[in-house]
Every structure is written in structure tokens, then in C-alpha cells.
1. Cα axis of helix 77-94 to longest principal axis of the chain: angle in degrees, 0 to 90, nearest 10?
2. Taking K and R as +1 and D and E as -1, what net charge do the other residues with C-beta under 15 Å from the C-beta of residue 82 add up to?
3. If one computes P(r) from the Cα atoms of the chain, what percent of pairs lie at distances over 18 Å?
4. Quick check for the chain: number of Lys pairs with alpha-carbon distance under 16 Å, counting only pairs 8 or more apart or on different chains?
5. Hey, can you rank 64-73, 47-56, 7-16 by average C-beta count inside 10 Å, highest first?
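Just so it is clear, none of the values below were taken in a lab; they were calculated from the coordinates. No experiment lies behind these values; they were computed from the predicted model shown. With ideal geometry, Cβ positions are generated from the backbone for all residues, glycine too; neighbour counts draw on all protein chains shown.
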Amino acid sequence: MRLSATQKDVLYILFCIEARGKFDPVPGMKLLEILNRTRSTEVHDTNFRTSCHTLVTNGLLSKYRSSSLLLAFTLTADGREKAKDIFQTRAEETC
């Protein structure tokens, strides 16, 4: 699977959150807010949700619904490996 820039950013952000010891599902809108803070152009919520659902379909994210039916995501084992590769690539580019 070829990942879009948005999908790579989602995996990267979730990896960074987990690296800080937080493994709870991250609400989708909070994830979108973090994503948009890091970009020069905003990602629209519909494109974001489509990207996340594609990552779920391909086994890189797990999808959850809170009691209030809000969508949230976590990395799967495969997603964590892919995110680690993205993280390492970005770290090498900044050095």
C-alpha cells in the first residue's frame, strides 16, 4: 500500500503520542486538530476521515467509538512498524 502524506502524518502523530506513554485511543477530531497545526494547508475533515478509514481497512489503525459515538484511533502492530519507519526517516531528514 502506498501511503498519502496525510496518512503518513496520522501514523507519525500517533507514534509520537505512544512514545510519550499514552496508548489510549485518540479522538479523531483531536488527531485532525494536531495534524492541521503541523501543516501549512489544512486537511479537510472528510479527507482526513477517508484517510483514516483506509488505514483501518489496510490494518494499520484500529477504530473505536466512545460511549458518545465519537470516532477514535490507535495504531495496530503493523501500523506501529510503519509509523516507526516514518519516524526514523523524518528524524534522519532533520539531522
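1. 40
2. 0
3. Tail of the P(r) past 18 Å holds 41 percent of the pairs.
4. Lysine pairs meeting both conditions in the chain amount to 5.
5. In descending order of packing, they fall as 7-16, 47-56, 64-73.
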